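Quick notes on the structure that follows.
What follows draws every value from the coordinates through simple rules; no lab data is involved. If you're wondering where the values come from, they're calculated on a predicted model, not measured in any experiment. Cβ sites come from the backbone with ideal geometry, for glycine too, and all protein chains shown count toward neighbours.
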Amino acid sequence: MPERFLLDGPGDAAVTILLAHGAGAPMDSASMTATAKALADVGFRIARFEFAYMAARRTSGRKPPPRAETLNPEYRAAVAELAADGPLIIGGKSMGGRVASMVADDLYSEGKIAGLLCLGYPFHPPSKPEQLRTKHLAGLATPTLICQGTRDEFGTPQDVEDYELSDRIEILWLEDGDHDLKPRKSASGFSTADHLATMAKAVATWAGRLAR
C-alpha cells in the first residue's frame, strides 16, 4: 500500500505542487510518474495523492469514480494534511485537475494556495462536446495554467476557443498531444519526453511569475 503522499523533488524546494490523479488511473501510473519527474527536474517538490475510491481499488478491486464534485472535501483534506511550507500550487491530471479547480478559489481566497495547474483538463466527455464542464471556469479567480494536447478528445483548441474562460486562465497547447500529452512522433516530430519537458519549463516560468 503506497504512502498517503508520493513525494518527488527537493524537500527544500521553493514551491510545492500537489497533484491528484485522473478518473481511471492511480497516482503511481506511468503518466503521473513521468509528469512528477519532469516537474521535479525543474526544481519543484511534487506531492501526489489518491482519492479514497482509487486507493480502495488496490485491495477490493475496481470501483467506479464518483461524481467529481463529491471529491472536493477529499482534496481540501489533502491540502490540510500536506501542510506545505511555502507557496503551494494544486492541480492534477484530468479529473484530478477538475476537482482542484472546484476548490481552488476558496483555498486561494484563504491564502492557502498560490495557483492551479491542470494537466489535460476534461472540458467535456469524449464525443460529447455539448456536456461542458466549464461553468465555474468563467469566474475563476485563482491564477491557472492548463496544459493540453491539441488532439485531446476532452477538449481541442477548436473546442476551447469558444468557451467563456476567466482571464486568470492560461493555456499551453502541446502539438499533437493526446489526453496524456503524448504526441504521435511520426506526425509531430516530438516525443512524450519533449512535451513533458516543455510543460515543466512552462510551469516553472508561470510559477515564477506567481511568486513575484
The chain: radius of gyration and largest Cα-Cα distance (Dmax), Å: 16.0, 47
I'd like the projected area of the stretch 77-194, averaged over all directions, using the convex hull of its alpha carbons. Report it in nm² with one decimal. 7.9 nm²
Sorted from largest down, give the three principal axis spans of the alpha carbons of the stretch 132-212, whole angstrom values. 39, 32, 15
At most 12 other Cβ within 10 Å, DSSP loop - trypsin sites (Lys or Arg not before Pro), the stretch 46-114: R62, R67
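Could you check what % of the DSSP bridge pairs in the chain are antiparallel, to the nearest 5?
10 percent
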At a threshold of 8 angstrom on Cα-Cα distance, excluding pairs fewer than six apart, so keeping six or more, what relative contact order does the stretch 102-171 reach in percent? 35 percent
Percent relative contact order of the chain, based on C-alpha pairs within less than 8 angstrom and at least six residues apart? 17 percent
Which whole-Hz couplings ³J(HN,Hα) result when phi for each residue of the stretch 32-45 is put into the Karplus expression 6.51 cos²θ - 1.76 cosθ + 1.60, θ = phi - 60°, listed in order with x for Gly and Pro? 5, 5, 5, 5, 4, 5, 4, 6, 5, 5, 9, x, 7, 8
Dmax and Rg, reported as Rg then Dmax, of the stretch 26-148 (C-alpha, Å): 14.5, 41
